[in-house]
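Undergrad: Below are the structure tokens for one structure; questions will follow.
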There are 4 protein chains.
Amino acid sequence: MRKLRMGMVGGGIGSFMGGVHRKASAMDGMVELVCGAFSSTLEKSRETGKSLFLPEERCYESFREMIERESELPEGERMDFVSVLTPNHLHFEPAKMALEHGFHVVCDKPMTLTVAEGETLQKLVKETGLLFALTHNYTGNVMVKQARAMVRNGDLGEIRKVQVHYLQGWMAAEPDEQAAIKPWRADPSKSGVGGSLADIGTHAENLVSYITGIKITEMAADLGRIGQGRVLDNDGNILFRMENGAKGCMSMSQIAAGEENDLAIRVYGSKGSIQWKQEDSTRLYAKWVDRPEQTFTPDGNDIYDQVRAASRVPKGHPEGYLEAFANIYRNFAAHLMAVMEGKELPDPDYPTVNDGVQGVRFIYAAVESDKKNSAWVSL
Amino acid sequence: MRKLRMGMVGGGIGSFMGGVHRKASAMDGMVELVCGAFSSTLEKSRETGKSLFLPEERCYESFREMIERESELPEGERMDFVSVLTPNHLHFEPAKMALEHGFHVVCDKPMTLTVAEGETLQKLVKETGLLFALTHNYTGNVMVKQARAMVRNGDLGEIRKVQVHYLQGWMAAEPDEQAAIKPWRADPSKSGVGGSLADIGTHAENLVSYITGIKITEMAADLGRIGQGRVLDNDGNILFRMENGAKGCMSMSQIAAGEENDLAIRVYGSKGSIQWKQEDSTRLYAKWVDRPEQTFTPDGNDIYDQVRAASRVPKGHPEGYLEAFANIYRNFAAHLMAVMEGKELPDPDYPTVNDGVQGVRFIYAAVESDKKNSAWVSL
Amino acid sequence: MRKLRMGMVGGGIGSFMGGVHRKASAMDGMVELVCGAFSSTLEKSRETGKSLFLPEERCYESFREMIERESELPEGERMDFVSVLTPNHLHFEPAKMALEHGFHVVCDKPMTLTVAEGETLQKLVKETGLLFALTHNYTGNVMVKQARAMVRNGDLGEIRKVQVHYLQGWMAAEPDEQAAIKPWRADPSKSGVGGSLADIGTHAENLVSYITGIKITEMAADLGRIGQGRVLDNDGNILFRMENGAKGCMSMSQIAAGEENDLAIRVYGSKGSIQWKQEDSTRLYAKWVDRPEQTFTPDGNDIYDQVRAASRVPKGHPEGYLEAFANIYRNFAAHLMAVMEGKELPDPDYPTVNDGVQGVRFIYAAVESDKKNSAWVSL
Amino acid sequence: MRKLRMGMVGGGIGSFMGGVHRKASAMDGMVELVCGAFSSTLEKSRETGKSLFLPEERCYESFREMIERESELPEGERMDFVSVLTPNHLHFEPAKMALEHGFHVVCDKPMTLTVAEGETLQKLVKETGLLFALTHNYTGNVMVKQARAMVRNGDLGEIRKVQVHYLQGWMAAEPDEQAAIKPWRADPSKSGVGGSLADIGTHAENLVSYITGIKITEMAADLGRIGQGRVLDNDGNILFRMENGAKGCMSMSQIAAGEENDLAIRVYGSKGSIQWKQEDSTRLYAKWVDRPEQTFTPDGNDIYDQVRAASRVPKGHPEGYLEAFANIYRNFAAHLMAVMEGKELPDPDYPTVNDGVQGVRFIYAAVESDKKNSAWVSL
């Protein structure tokens, strides 16, 4: 085997996500960045490439040029997969074109602007057999995997109640000025019909789904748009019901003054419950009907074996956002290497195109419910 | 002046609330228990009285007997006020009769089973000029008072978002068996139309109101009834909207497996936010748009003066549930002593009959919304 | 039975400890304050008495007058025990005189200024058979009792290591001005040979002893005296060795800037360990060699039965400093009532005159070691 | 510029530190691993190299072979620096040989077995002008850097007291069996005169030095050796005095049952104090004499500019052990690149050969003090 070769769409100088994807993909030595269409101009793309020690000829002007030109390179040289980390409205086209040219895809969330686009990618993935990873990075956290294992194993009993919130404060102070910083996130033509729904709500929804494995069947949403001239939601509360009868509520906000990145979930079963907070990501709290509360840690006692494998360092040494992100890349890369070597890898553990479609449906259902004064909408 | 004389309705041997009210009222040396109708039989009432070193002749068979007989005692001997801590359906009658006989009242929450009963008490209080304290004890916490002072003083800016939850797990394991332990709480004829709504939801509602001073105008509720044959809610999620445009959500549960008494609130303004958790009651966390997070403590730095007065011990020494409860009694007693001495006490700080009526309205609105599949209902 | 009658020495208006002892002793309805020599003048003593609704004739000018006059009252009226809460140098005389006149004693710590004085009291207690409680109040905490039960029951295996610290910051800012506030604590003639040693070090020492039951055999101390003209220690670190071979260290300070009342202990055994912090007093953390960390709570799961009895409220409701203090009074009162009724009470749980002598020995050993440049000194 | 080329000594399959150094050095895309002498045999070394996708010819049998053969490669191909991550007794020789052959060095701690060896390296570094980084990785934590900046900037006032502990439990259960797992750590010929002193004590000492910049002048140590036949310390408590008059204490243990990796420090000044815990590495708590406690976060409000640069992700996203470790590599690599490009880099921020010598002196002073029954020994 050899390192996998990655081409990057987006992530030019000044992009936060570019550094994150590069560090996360480099960490485990399984992936090397070989080319990129990093920015909207060739100069900027080359400038980024130079800072990354890439040869100039593999810094492209556009994703179209990159996919076409890389396709023409010999197999031993051309990229193996494309990583798409552009603003929301620029996910669909490069992902589609990559799949059509036989490249595997890693894509940021929300996957697409519309459900139809999402289903198009889903169909393409099914037809081509190519791999598609969606970077719902929080599911890469070791303690999220432990929570999932505990729920799926029945440790908590029957699931009855889910509470999740995702609260940020970066739009609180001066929404209009802040919006100017990341203008595309405030612009429906680039962000889609959802604001905080797309940006953070989908993470919350995916976290519920990843941990419980229970489908959300309907939602009642009350969205907020704080700040002058604000079109997209930047705050909201959502009631939801799950297919097994469990009830839940979700709160999300980008105007929660003072919050940094407070994604947190609680899952209550008939025997016990778990709590996880992203800002305290290496501890999983389990409370029980008949035993004292327990604190689980990534490489600590009584961690499920498959979960322990997701940890890179011995117990007591914190792992964080980049390591969780790297778990998406590592699991995707391991899967892809297995495929390339003709091996079977049972149950690869990373979010896929199906999670992407579900996320877009979630956004649309919430927007519809909000328009109907919080009426219940099926998902 | 002298110690105030208290008569107690309810609180017999085996009652949890009896001990709480007695310890809370005794702590500050302003109140002495002089008589009681503690239980449903004279023997039991006398047994309780004996354990409390009360004379047998002031242990009564019923609240009716107590109020009548105490009324006939000379002024220097008879009780000054009645404390009502019976199950929900037995609040109205003794409170009403006490007021009608000229006794001040301390009453447990929810105040009454119906709004009409609540309004009757409200009218009586207005007409008689007697004092009426409702034991929404959590508002007695020093850090809740600091939160209130900060919000009211504008420290957080304009309030935009409120999150509150009250989660307990004692009904989680075997609801039916648990119900047997406190049968009246599962019986609508004794508990009223709300289960967890009445028991804990009203505390959450009162906490929002006490801290923010902003009226909840409408609510959309999705209630749960977990357990075989369960009639009253023991779980639920509620969206709410406030008169200033702020949005909120409330989650409450008595089947949240493993939770002990997790009442928690977050209030977000345009400049900053506060967080308080009852289980960690001596810390108030404030997060700011432009400064590092701060932790306030009861007798610590930068506490508002009127708040510091609510603390009984120097900084670093925890105060808890009983001290918060005692603050209701202490503020009520100070008010009553002032009245008895013909003094004015500006703005006495304890929940009143008005909070009681509001609480019952909250219960009815939530039940109505739930029946209408979570439609918005005005409060 | 009847309520026990308490006479108080010290605790006049302006005294912090007066309010604490009164609230703690009143909480459980077993003790009533009947008389006091609260201050150094009769006027002040009477002023305090009036604010407590005491009759003027039982507010005395001095402890001598109080003990003599109360001795002459009929048995059904005179006080049962004396509570001594004066500055350190005024513990010995009233405690001795009370014992000599047949009154039981509750006394603040450190018990006496010298070991000889302590031994005199110890001898008197033995001879008279009277009860003597020392208010090492932190041992009244429910989770401290759980720690003790776990250690004594062998849950942690063989004890190998103890870490304890008691850090306050109230002398940090301007030691000399602060010293002016509590002048007697900075004055060796009133405070004794130890400053922070006496004030907080003895609490730390008693906590180690109470939880582990293992004797400290020798100590090596390095004391600090921060601030101009400071005579007594207000900072220090102490190595210690225990009779079973375990090693420990203690850090104490009153110049630990920003600390409120950070008393904390960790006890490590061969199977597991426990951690308790006074400022987070209702949680006991247990870490295990072969199981996930557990959090114990006062009325929570798996609490030892005798420990649960020390809690006054149901799980999830914080108890604090006053409740812990009240446990000293409640256990003392229950013991005294049992004695008065001719019953046996097995193993009453409160610190006694023996703990008092041990505390004074601890102070002297630390001071001696410090003078010898931290040489080991036997305790 | 180009990526820096690293050769690795140690870190073969099964080595924990191998993966750590590789992930930490790869994260920022500034360093690529080009060769290694990973294990004690050529087969094993090649097996490791294969798993890392290295060419077979650059997997060497020994560090000697690696340094010699790499020296002979053309400049555009040969390694730039050597990373030494073998057991303690195998640091000195490869580091010395690398320096003698003109290679820069990254080296694990403790740097050498003896002070003489350390001084030899120190002299070589001075003579050759080559760069030498010591991987005291905990100083790479963003909040440690903030603590350092605050102390150095005088925010805390004059430093008076330092408390540090480093507690692990992995030797608690069955010391002898555990020792078998990492035999070299229990063997003085490989580990040196210190056990826990070398392994974790040096980290604690370096943390004190890094944050405060104040020299420890003397120490009094009481070391423990728990477990049958144990020769080296695995527990201990140390008093220390600093050159400015501040006092401190250090506790360290590898038999602290249940602890994972509890490195924690508190620094008290005249105005305020800071607290940092490695297991909660992204929060720095500051307590003040005259303001409420604050919590600082890596990319949060009021972080010093040079500190913020050490963070890789936006606020609220945890960074951990690997990121801190990567900061050593990143700062070393940036320094080396600057040197290679003939630029000056003011104050490169990573531990150097001087910290290494200091660490070995610390070990020897503690061992000497312990032998002298905890007498004070100059450092």
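Undergrad: How about segment D:273-287: which of its residues are at the interface with another protein chain (Cβ under 7 Å from one of its Cβ atoms) and part of a loop (DSSP other than H, G, I, E, B)?
TA: D:SER281
Undergrad: Quickly run through segment B:7-57 and pick out the residues that are part of a helix (DSSP H, G or I) and touching a helix residue (DSSP H, G or I) at 6+ places or on another chain (Cβ under 7 Å).
TA: B:VAL20, B:LYS23, B:ALA24, B:SER25, B:ALA26, B:ARG46, B:GLY49, B:GLU56 - these are the residues of segment B:7-57 that are part of a helix (DSSP H, G or I) and touching a helix residue (DSSP H, G or I) at 6+ places or on another chain (Cβ under 7 Å).
Undergrad: Something else about it: All but one of (1) assigned to a loop (DSSP other than H, G, I, E, B); (2) farther than 25 Å from B:MET30 by Cα hold for B:LEU345; which doesn't?
TA: Status for B:LEU345: all satisfied but (2).
Undergrad: For segment C:1-25, which residues satisfy the criterion of being over 18 Å from the mean Cα position of the chain (by Cα) and within 17 Å of C:LEU85 (Cα to Cα)?
TA: Hits for segment C:1-25 are C:ARG5, C:MET6, C:GLY7, C:GLY12, C:ILE13, C:GLY14.
Undergrad: Out of all the residues in segment A:43-78, which are of a type in the set (Gly, Ala, Ser) and in contact with a strand residue (DSSP E or B) (Cβ under 8 Å, 6 or more places away or on another chain)?
TA: Once the filter is applied, which keeps residues that are of a type in the set (Gly, Ala, Ser) and in contact with a strand residue (DSSP E or B) (Cβ under 8 Å, 6 or more places away or on another chain), segment A:43-78 yields A:SER45, A:GLY49, A:SER62.
Undergrad: Here's a check for you: in segment C:359-379, which residue that is within 12 Å of chain D (Cβ to nearest Cβ) and not in a loop (DSSP other than H, G, I, E, B) is nearest to C:VAL231 (Cα to Cα)?
TA: C:ASP370
Undergrad: What about A:PHE92, is it aromatic (Phe, Trp, Tyr) and away from every other protein chain (no Cβ under 14 Å)?
TA: Considered against the rule, which asks whether it is aromatic (Phe, Trp, Tyr) and away from every other protein chain (no Cβ under 14 Å), A:PHE92 comes out as yes.
Undergrad: I would also like to ask the following. So, B:THR295, is that one part of a strand (DSSP E or B), over 19 Å from B:THR212 (Cβ atoms), touching a Pro at 6+ places or on another chain (Cβ under 8 Å) and in the same structural domain as B:GLY248 (by TED's automatic domain parsing) or not?
TA: Taking the combined requirement at face value, the residue satisfies it.
Undergrad: Here is a further query. Say whether the condition of being assigned to a strand (DSSP E or B), facing another protein chain (nearest Cβ under 7 Å) and free of Cβ contacts under 8 Å to residues at least 60 places away in the same chain is met by at least one residue in segment C:262-272.
TA: no
Undergrad: Here's another thing I want to ask about it. I'm trying to understand the selection: among the residues of segment A:1-38, which are at pLDDT below 95 and closer than 14 Å to A:CYS59 by Cα?
TA: A:ILE13
Undergrad: Mind checking whether some residue in segment B:65-87 is within 14 Å of chain C (Cβ to nearest Cβ) and among the aromatic types (Phe, Trp, Tyr)?
TA: Among the residues of segment B:65-87, not one is within 14 Å of chain C (Cβ to nearest Cβ) and among the aromatic types (Phe, Trp, Tyr), which makes the answer no.
Undergrad: So for segment C:332-344 (the condition being closer than 29 Å to B:VAL20 by Cα and either surrounded by 24 or more Cβ atoms within 10 Å (Cβ to Cβ) or under 16 Å from the mean Cα position of the chain (by Cα) (or both)), does at least one residue qualify?
TA: yes
Undergrad: Checking the structure you have, find out if any residue of segment A:37-49 is free of Cβ contacts under 8 Å to residues at least 12 places away in the same chain, in contact with a Lys or Arg (Cβ under 9 Å, 6 or more places away or on another chain) and either of a type in the set (S, T, N, Q) or over 19 Å from A:LEU99 (Cα atoms) (or both).
TA: No, the conditions are met nowhere in segment A:37-49.
Undergrad: If you don't mind, another one. Looking at this structure, is A:GLU323 within 14 Å of chain D (Cβ to nearest Cβ) and farther than 18 Å from A:ALA24 by Cα?
TA: no
Undergrad: What number of residues within segment D:75-109 are of a type outside the set (S, T, N, Q), modelled with pLDDT under 95 and touching a Ser or Thr at 6+ places or on another chain (Cβ under 9 Å)?
TA: Of the residues in that region, 2 qualify.
Undergrad: In addition: Show the residue pairs meeting these rules: Cβ distance below 6 Å; 6+ apart or different chains; first residue within segment C:350-368 and crowded, with 22+ Cβ neighbours inside 10 Å; second residue in a helix (DSSP H, G or I) and among the hydrophobic types (A, V, I, L, M, F, W, C).
TA: If the second residue must be in a helix (DSSP H, G or I) and among the hydrophobic types (A, V, I, L, M, F, W, C), the pairs left are C:TYR350/C:ILE328; C:TYR350/C:PHE332; C:VAL353/C:LEU121; C:VAL353/C:VAL125; C:VAL360/C:VAL115; C:ILE363/C:LEU197; C:ILE363/C:ALA198; C:ALA366/C:LEU197.
Undergrad: Please specify each residue of segment D:24-36 satisfying the condition of being facing chain A (nearest Cβ under 10 Å), in contact (Cβ under 8 Å) with a residue 40 or more places away in the chain and either over 23 Å from D:ALA334 (Cβ atoms) or surrounded by fewer than 24 Cβ atoms within 10 Å (Cβ to Cβ) (or both).
TA: If the condition is that a residue be facing chain A (nearest Cβ under 10 Å), in contact (Cβ under 8 Å) with a residue 40 or more places away in the chain and either over 23 Å from D:ALA334 (Cβ atoms) or surrounded by fewer than 24 Cβ atoms within 10 Å (Cβ to Cβ) (or both), then D:ASP28, D:MET30 are the ones that fit.
Undergrad: Contact list please: Cβ distance under 6 Å, first residue in segment D:288-313 and within 8 Å of chain B (Cβ to nearest Cβ), second residue part of a helix (DSSP H, G or I) and surrounded by 20 or more Cβ atoms within 10 Å (Cβ to Cβ), pairs at least six apart or on different chains.
TA: Here the result reads D:PHE296/D:GLN146, each pair linking segment D:288-313 to a residue that is part of a helix (DSSP H, G or I) and surrounded by 20 or more Cβ atoms within 10 Å (Cβ to Cβ).
Undergrad: Suppose we keep only residues that are among the β-branched types (Val, Ile, Thr) and away from chain B (no Cβ under 14 Å) within segment A:131-174. Which one would you say is farthest from B:ASP235 (Cα to Cα)?
TA: A:THR135
Undergrad: Might you check whether a residue that is under 16 Å from the mean Cα position of the chain (by Cα), surrounded by fewer than 22 Cβ atoms within 10 Å (Cβ to Cβ) and not hydroxyl-bearing (Ser, Thr, Tyr) occurs anywhere in segment C:91-105?
TA: Yes.
The values are calculated or read from the model by the stated rules, or taken from the named source; none is laboratory data. Not measured: the values here are computed from a predicted model. All Cβ positions, glycine included, derive from the backbone under ideal geometry; neighbour counts span all protein chains shown.
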